[in-house]
Every structure is written in structure tokens, then in C-alpha cells.
1. Identify the residues of the stretch 111-130 with backbone N under 15 Å of a label point that sits 7 angstrom from the Cα of Ser30 along the Cα-to-Cβ direction, or state none.
2. Could you tell me what percent of the accessible area of the chain is made up of carbon and sulfur, with a 1.4 Å probe and every protein chain present?
3. For Asp84, list long-range residues whose amide hydrogen, built 1.01 Å from N in the peptide plane, is under 5 Å from its own amide hydrogen.
4. So, for the chain, what is the accessible surface per residue at a probe of 1.4 Å, expressed in square angstrom?
5. Computed from these coordinates, which is volume of the Cα convex hull per residue in Å³: (i) 104; (ii) 141; (iii) 182?
6. 5 Å is the cut-off here: which amide hydrogens, built 1.01 Å from N in the peptide plane, fall below it relative to Tyr76, excluding neighbours closer than 5 in sequence?
7. Out of Pro157, Pro89, Pro52, any idea which swings most in a Gaussian network model of the chain, alpha carbons joined below 10 Å?
8. According to the Cα gyration tensor, what semi-axes, each the square root of 5 times an eigenvalue, does the equivalent ellipsoid of the stretch 62-101 have, listed from largest to smallest in whole Å?
Amino acid sequence: MKIAGKYQNLEAVQNYGSKGKIDGVELVNSQWFSASDGNFAEILRYDEGHIPNLKQDFVIRQLSWSYVTPGAVKGYHYHLHQKDLWFCPPSDRLIVNLHDLREDSPTFDQHQTIILGAGKNLILAIPEGVAHGCSNPYERPMMLFYAVTNQFDPENPDEKRLPYDAFGAQVWEIEKG
């Protein structure tokens, strides 16, 4: 079969393989049960304050909730002394972008995009020094729950901000194609 030349210059092959992963970032699949009367999701298990299914040590000091409005971009920030665990319910969906800022990391300057929620019951562990943010390009509000290893201190916040488009504005949009 011959394809018209004007379309050959436009063609591409979608990458179905593994996308780049940042060292220390973990995705943990939690239990999700479906029945005729609804669903049940196990979010986190604690063992004396620790999360047993994570490779890294994580002691929760604060649990927070964010209501992400349609079209919102919660731009990049990073922590020097805090780890985050993020959870978006399977009924919701958020685009999460991560960028490794740690010069001594084997994945320094690598970018990673993860879709949280979207029918999956995933916990995302974000280490110190990895810039992170999320967007809701959809038409209804979405929820994000996050646990952190340090309590927020408004007098001395361990939260360094970067411009939302530091790694390109397109990373916050729905991938087309």
C-alpha cells in the first residue's frame, strides 16, 4: 500500500514502552476491591507510623487534602527536608509532573509525567529534591490527598517554588494523539 507523501512527513510511532523514571520515586499499588454494591480502596497501611510497602523510610507527620479546580495547575515546588506521598482517588485523574533537581542523583535533570487516579489505586512517593506539581485539565474538580514527613511551618517553610513552565508549559496538558 502506498501512503501519500504529504502524510508521511507527519507520521510518528507512539512509544508504548516504559517512560523515564526518576531515582527514588516510587509508585505503590494499593488494594482496590469492586463489588456489585460499590468499591473499597485501601489507601495506606501504617506500621508504627511507617509505610511497610515503601522501599524508603517514611514517617507521616501531616496528612492534607487539596481540591483541584478544573483548569488548575499547581506548579512546581520542591523540598530539601521533606518527602511526600500523593494519592488521587481512582475516580479522579490528575497529571503529575516530576523533575529531578538533585545534582548527585543518577537521574539528575530527568523529567517524569505520571497520571494519578484514572481507575488505579496508586500511592506516589516523592523524595526530597524532586520538583513536583499537578494539573487538572479536565472539566470537573479532582482531589489530591498527600502525606508528608514534616509538618508545615509557615514561619520557615521547606517549600521552594519554580515557575509552572520551568520544564515547558505543554507538560500540564492532555497528551494528544
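The values are calculated or read from the model by the stated rules, or taken from the named source; none is laboratory data. No experiment lies behind these values; they were computed from the predicted model shown. Ideal geometry is used to build each Cβ from the backbone, glycine not excepted, and the neighbour counts take in all protein chains shown. For accessibility, only protein heavy atoms count, side chains too; no ligands or nucleic acids. Shrake-Rupley method; radii C 1.70, N 1.55, O 1.52, S 1.80 Å.
1. In the stretch 111-130, the label zone of Ser30 (backbone N under 15 Å from the point 7 Å along Cα→Cβ) covers 116-126.
2. Carbon plus sulfur share of accessible area: 50 percent.
3. Correct list: Ile126.
4. That works out to 63 Å² per residue.
5. (iii)
6. Under 5 Å from the amide H of Tyr76: Leu162, Tyr164.
7. Ranking Pro157, Pro89, Pro52 by mean-square fluctuation puts Pro157 first.
8. Over the Cα atoms of the stretch 62-101, the semi-axes work out to 20, 14, 10 Å.
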